[in-house]
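Here is the structure we will look at.
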Amino acid sequence: MEITAFYIATDGKDSNPGTKEAPLATLEGARGAIRVLKNTSSLPEGGITVFMRGGVYRLTESFLLEEGDSGMPEKPIAYSAYGDEEVRLIGGVDLPADSFGPVTDPEVRGRLNEQARDRIVQIDLKRLGVVDYGRIVHTGFGLPPSIANPELFFNGQTMAISRYPNSDYVRIENVIDAGGNPRIVDMDPERLAEEQLKGVKLACADPRPFSWKNTGDLWMYGYWYWDWADGNLRIASIDVANRQLHTERASHYSVREGQRYFYYKILEELDAPGEWYLDRMSGLLYFYPPTPIVEGSNIQLSLLGDPMIRLEDVSHVAIKKIMFEASRGSGVQIKGGSHNAVAGCTLCRIGGFAVVLGETSDNGVNAGTDHRVLGCTIYDTGTGGIYLGGGDRLKLTPGRNVASNNDIFNYSRLKRTYSAAIQLKGVGNIAVHNEIHDAPHVGILCNGNDHLIEYNDIYRVLTETGDAGAIYMGRDWTEQGNVIRYNYIHHIHNEETELHIGVYLDDMASGTKIYANVFRDIDLPVLIGGGRNNEMTNNLIVDCQKSLLLDDRAMPGCWAAYHLDEGQVMQERLEAMPYREEPWCSKYPSLMSIWQDEPGTPKFNTVMKNILYQTGPTTYGNYPAYDDTMAIAESAREYGTIEQNFVMNEDLLIIDETEGNISFNEESQSFKGISSFEPIPFKSIELCKEEYRVGNFHSGRIKDEPNKFDKS
């Protein structure tokens, strides 16, 4: 009889044949069985499915699939939960409820908060055989990504390392010595290393920090200079006599007074339900549980730093309907290969990205082609959601990798800036029909060329950062050909910072099309920061404080002009691409002469056929509102096309507004007067129907999936 399925169960054995009645025990066992099958015969018509029966499967190392583990176009291989059974892969350990006990050490009890000490329990990890706890490293904006510190989870909720204050931030009171400023030398590795070693000295009137024992592992985390650049700093010494704190290293942009931060990894501050502390020397973990620990309490510690599943040079393989959780690294990483899918999975409570296509350390290279991440639920990740690399920028060949129909929220818990729900890298990749919400910084981060961002619902992001965009890209003339269309971006603002932007083309970003999006209840829907060849057409802006800012920041004498100096970032990134050669010179001919064509002037931008409904005029800095609507620099008006934009406050007759469906009543006299405005398919801006959500996978594609690569 032809074998078309293998089975895995928590009570199976890898010596079993892998039938439903005699299942295997591990993913490795199933991989081995498929290898034997391929070596002795061949894959059957329709391929092979490895069904995992319900239960918890602990991973102590990555499950690796290599080129020889591939399927074929008409004979794919899938690793899937069986039916509706819940399959959970965990990259950590379950901590037994009965192994927790009271804190008895007099010295430790003396350091604990008096009101909390009798509610705190401890567990000896070494007795459980857990001896590798990882470590906290200096990380943040301007530094390479790092693997997350182990985290504690209680009954499905992420617990917080002991911190002060328990919520919110304190402010820098007085900077005695700002330390190094690595940003000003970040193109010189030797000087950069020197600058990073110049620590900060802060004066602190608050007596709280001076009551802590300096264990050598006390940390601060904050937005040290800008509200869009986060990072941590280890406290090197506490000067009680002078009421000063000295840090081991510098922050990337230095520090300044008034900025936000908090302290963490402090035993004395273990004083609130949900906080925990790990003594790496003794192996004792102290925990203030939010509810009493009882039999059946689910307590997990994340340990695995590598990706839970790795696909390297694999093709035609699907990972379906599996739950990934409690790991320090990423959930799934795909390098190379083609036509793989991560479909209908739940990825949560992990330290890195949920899914990574390519190399995060090298802008998503080696991601392979035609992969799909679809129908997944992604939340409580320490970094971002989906890192979507692929394509070759030197040759401008597309990756055709797609993130579709994913619900991504409460991401970027640990690395709180530039850790997007979807991070596009490379060339020709797609983010479509995703729901993205509830995060401190960006929703979609776009780097590279010819990406398509469409039909996404993005809301309640930028909840604690400023001068940032729900969709963001910038500071590179060569990243052109990107299309942002048919997205609903709404409810983007916070009380803590300024400049909460819907689509942000920062620092001379160029060649981007912003078409037929709906912006609602946003501080500033669109900011075009001095770039050229951008198009903003046929967008609907509703109930926003402002509408558009198109500035000239890089013109001589303006604040960003230095980016165009010789040896600076704009020249470096331009010269890194073969823009004088084919296919670059045909596709982006304006780059050939940009140095001779007043490079700081925002030329050839188009802003037309946009509707502004019940939206205030944009005034910002030296840019007054143009025609009482948009703030557009004089040079941008001179060298661009700004026309047929419609401002309305009454009689547009929007229908179904309470349902979140913004569409026009065709009987509206105002609507009849703007016939040049093309309808926006608002009802399509949502997660698609259920069969798409669960990942209807065949040969690496979704059945009946429309062609999303037509960007005309």
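Restricting attention to region 15-25, which residues are closer than 20 Å to Pro44 by Cα and surrounded by fewer than 15 Cβ atoms within 10 Å (Cβ to Cβ)?
Correct list: Pro17, Thr19, Lys20.
So, in region 481-512, exactly how many residues are surrounded by fewer than 24 Cβ atoms within 10 Å (Cβ to Cβ), closer than 17 Å to Lys425 by Cα and either in contact (Cβ under 8 Å) with a residue 60 or more places away in the chain or of a type in the set (Ser, Thr, Tyr) (or both)?
The number of residues fulfilling the criteria is 3.
Since Ile489 meets every condition but one in (1) assigned to a loop (DSSP other than H, G, I, E, B); (2) more than 30 Å from Tyr264 (Cβ to Cβ); (3) touching a Pro at 6+ places or on another chain (Cβ under 8 Å), which condition does it not meet?
Failing condition for Ile489: (1).
Any residue in region 318-328 that is touching a helix residue (DSSP H, G or I) at 6+ places or on another chain (Cβ under 9 Å), touching a residue at least 40 places away in the same chain (Cβ under 8 Å) and either under 21 Å from Val131 (Cα atoms) or surrounded by 23 or more Cβ atoms within 10 Å (Cβ to Cβ) (or both)? Explain how you work it out, then say what you get.
First, pick out the residues of region 318-328 that are touching a helix residue (DSSP H, G or I) at 6+ places or on another chain (Cβ under 9 Å): none.
Looking through region 318-328, none of the residues is touching a helix residue (DSSP H, G or I) at 6+ places or on another chain (Cβ under 9 Å), touching a residue at least 40 places away in the same chain (Cβ under 8 Å) and either under 21 Å from Val131 (Cα atoms) or surrounded by 23 or more Cβ atoms within 10 Å (Cβ to Cβ) (or both).
So that you can scan it fast, the table gives a plain yes or no per residue for (1) part of a loop (DSSP other than H, G, I, E, B); (2) among the basic types (Lys, Arg); (3) surrounded by 12 or more Cβ atoms within 10 Å (Cβ to Cβ):
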site: Ile541; (1), (2), (3): no, no, yes
site: Cys544; (1), (2), (3): yes, no, yes
site: Leu550; (1), (2), (3): no, no, yes
site: Arg553; (1), (2), (3): yes, yes, yes
site: Gly557; (1), (2), (3): yes, no, no
site: Met570; (1), (2), (3): no, no, yes
site: Met577; (1), (2), (3): yes, no, yes
site: Glu581; (1), (2), (3): yes, no, no
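Of the residues Gly92, Gly12, Gly47, only one is surrounded by 18 or more Cβ atoms within 10 Å (Cβ to Cβ) and within 33 Å of the chain's Cα centre (by Cα); which?
Just one listed residue meets the conditions, Gly92.
For region 117-197, give me every one of the strands (runs of 3 or more DSSP E) that falls completely inside it and has 3 or more residues that are in the same structural domain as Pro273 (by TED's automatic domain parsing). Can you show your working first?
Details: elements: 121-124, 152-154, 174-177.
Fully inside region 117-197 and qualifying: 121-124, 152-154.
Take Phe262 and tell me if it is touching a Lys or Arg at 6+ places or on another chain (Cβ under 6 Å), of a type outside the set (Asp, Glu) and surrounded by fewer than 21 Cβ atoms within 10 Å (Cβ to Cβ).
Criteria met by Phe262.
I'd like the full set of residues that are surrounded by 14 or more Cβ atoms within 10 Å (Cβ to Cβ) and in a loop (DSSP other than H, G, I, E, B), limited to region 216-235. It would help to see each step written out before you state the result.
Let us first name the residues in region 216-235 that are surrounded by 14 or more Cβ atoms within 10 Å (Cβ to Cβ), namely 217-235.
Scanning region 216-235 gives Asp217, Leu218, Trp224, Tyr225, Trp226, Asp227, Trp228, Ala229, Asp230.
Filter region 451-473 for residues that are on the phi > 0 side of the Ramachandran plot and surrounded by fewer than 24 Cβ atoms within 10 Å (Cβ to Cβ) and give the result.
Of everything in region 451-473, those that are on the phi > 0 side of the Ramachandran plot and surrounded by fewer than 24 Cβ atoms within 10 Å (Cβ to Cβ) turn out to be Tyr455, Arg460, Asp467.
Return the residue satisfying two criteria in turn: it lies in region 392-435 and is among the hydrophobic types (A, V, I, L, M, F, W, C), under 12 Å from the mean Cα position of the chain (by Cα) and part of a strand (DSSP E or B), and of such residues it is nearest to Tyr261 (Cα to Cα). So that I can check it myself, show each step before the final result.
Step one: list which residues in region 392-435 are among the hydrophobic types (A, V, I, L, M, F, W, C), which gives 394, 396, 402-403, 408-409, 414, 420-422, 424, 427, 430-432.
In the following step, the residues that additionally are under 12 Å from the mean Cα position of the chain (by Cα) were identified as 408-409, 414, 420-422, 424.
Imposing the further condition that a residue be part of a strand (DSSP E or B) reduces the set to 408-409, 422, 424.
On the way: Ile408: 26, Phe409: 23, Ile422: 26, Leu424: 29 Å.
My answer is Phe409.
Here is a check on your reading of the model: is Phe63 surrounded by 13 or more Cβ atoms within 10 Å (Cβ to Cβ) and either closer than 23 Å to Thr377 by Cα or basic (Lys, Arg) (or both)?
Working: surrounded by 13 or more Cβ atoms within 10 Å (Cβ to Cβ): yes; either closer than 23 Å to Thr377 by Cα or basic (Lys, Arg) (or both): yes.
Judged against the criteria, Phe63 is a match.
Going by what's in this entry, would Thr369 be described as without any contact (Cβ under 8 Å) to a residue 40 or more places away in the chain, surrounded by fewer than 24 Cβ atoms within 10 Å (Cβ to Cβ) and more than 17 Å from the chain's Cα centre (by Cα)? Walk me through it before giving the result.
Numbers: without any contact (Cβ under 8 Å) to a residue 40 or more places away in the chain: yes; surrounded by fewer than 24 Cβ atoms within 10 Å (Cβ to Cβ): yes; more than 17 Å from the chain's Cα centre (by Cα): yes.
Considered against the rule, which asks whether it is without any contact (Cβ under 8 Å) to a residue 40 or more places away in the chain, surrounded by fewer than 24 Cβ atoms within 10 Å (Cβ to Cβ) and more than 17 Å from the chain's Cα centre (by Cα), Thr369 comes out as yes.
Count, please, the residues in region 35-52 that happen to be assigned to a loop (DSSP other than H, G, I, E, B) and in contact with a Ser or Thr (Cβ under 7 Å, 6 or more places away or on another chain). I'd like the intermediate steps shown before the answer.
First, pick out the residues of region 35-52 that are assigned to a loop (DSSP other than H, G, I, E, B): 41-47.
In the following step, the residues that additionally are in contact with a Ser or Thr (Cβ under 7 Å, 6 or more places away or on another chain) were identified as 44, 46.
Result for region 35-52: 2.
State whether one or more residues within region 517-539 are of a type in the set (Lys, Arg), under 25 Å from the mean Cα position of the chain (by Cα) and surrounded by 22 or more Cβ atoms within 10 Å (Cβ to Cβ).
Within region 517-539 (the criterion being of a type in the set (Lys, Arg), under 25 Å from the mean Cα position of the chain (by Cα) and surrounded by 22 or more Cβ atoms within 10 Å (Cβ to Cβ)), the answer is yes, since at least one residue qualifies.
The values are calculated or read from the model by the stated rules, or taken from the named source; none is laboratory data. Please read all numbers here as calculations on a predicted model, not as lab measurements. Methodologically, a virtual Cβ is constructed for each residue, glycine included, from the backbone with ideal geometry; neighbour enumeration extends over all protein chains shown.
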